[in-house]
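Values in this text are rule-based calculations from the coordinates and carry no lab data. Worth saying up front: this structure is predicted, and the values here are computed from it rather than measured. Please note: Cβ atoms are built from the backbone with ideal geometry, for glycine as well, and neighbour counts cover all protein chains shown.
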Amino acid sequence: MERTRSELLAAIKPHVPFDGWSEPAFKLAVSDLGLDPGLARVVCPRGAVDLAVAYHREGDAEMLRRLEEADLSGLKFRDRIATAVRFRLEEADPELVRRGAAIFALPQNATTGSKLIWETSDKIWRALGDVSEDYNWYTKRMTLSGVYSSTVLYWMGDESEGKGDTWAFLDRRIEDVMQFEKVKGAAMKLPFLPKLLGGIRAPKGNADMPGREAQ
C-alpha cells in the first residue's frame, strides 16, 4: 500500500497546479497509472486529501534527512530552529503547498491540516534533541506551530530573490518565541504555577491530539 500511495502521489503532482488536490486530479492520477479505481480507493479512502497528507509528510521526511546530514553544532539553538524550518520549506513546491492550504482550510479537512502542522513541529523539536515530557512539550510545539504556519503563509506570497524576505520574517518570528520563553521562565517563578502545571505530561502512544499523527 505504501508503494502504491507513493506512485499515486508522484502521478497526481503534475495535475495539482491545474485541478488542486481534488477528485478530478485523483482520478487522473489513477488513470495515468492504469490502476484499478477500487484499489486506489482502498489505498486512499479520501482520495486526493490522503495524497495531500502524504505530500506534506514527504516534505517532513526530506527535512529530517537534511537535518541528519547537516552539522548544526556551531549554531545557536534559535538558528537551528530557523534552519529546520528553512529546510522544510526549501523542499516544498509553492503551488502544491498553496493548493494544499486551500483544501485543508475546508471545514471537513481543517483538523487534519492542524494535526499536520503540529506533527511537523513535533518532528523538528525531536530532531533537535527535545526530550521534554511536561508542559514544555506542549508550549514548545504550540509556539513553533505558530511560527511555521505564519512563515508558510508569508513564503507562499514571497517573490523576493531567494525568498530572502521569508527568511527575515522567520527570524523575526523566532525572536518572538525566544521572548515568549523568557516570559514563561519568569512566570514559572511564581509559587503557584509549578504546582498547577506539574501534572501535565506529554501524550504517549495513540493519545488524542495533540501528539497523534494526522490520519
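The table for this structure:
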read-out: Computed Kirkwood radius, in angstrom, where 1/r is averaged over Cα pairs of segment 1-66; value: 11.8
read-out: Full-extension gain in nm, D19 to L153, via 0.36 nm per residue minus C-alpha separation; value: 46.2 nm
read-out: Shape of segment 1-144, Cα gyration tensor, a/c cut at 1.5; value: prolate
read-out: Cα gyration tensor shape of segment 94-180, rounded if a/c is under 1.5, else prolate or oblate by comparing a/b with b/c; value: oblate
read-out: Potential lengthening between R126 and L39 on full extension [0.36 nm per residue; Cα-Cα distance subtracted]; value: 27.8 nm
read-out: Farthest positive-ward along segment 12-88 dipole, Cα basis, beta-carbon charges - from L51, A82, A29; value: A82
read-out: Order by protection proxy (mean Cβ within 10 Å, highest first), peptides 6-19, 58-71, 165-178; value: 6-19, 165-178, 58-71
read-out: Rounded if a/c under 1.5, otherwise prolate or oblate - segment 59-122, Cα gyration tensor axes; value: prolate
read-out: Cα-projected label distance for M1 with A70, points at 7 Å along beta-carbon direction, nm; value: 3.3
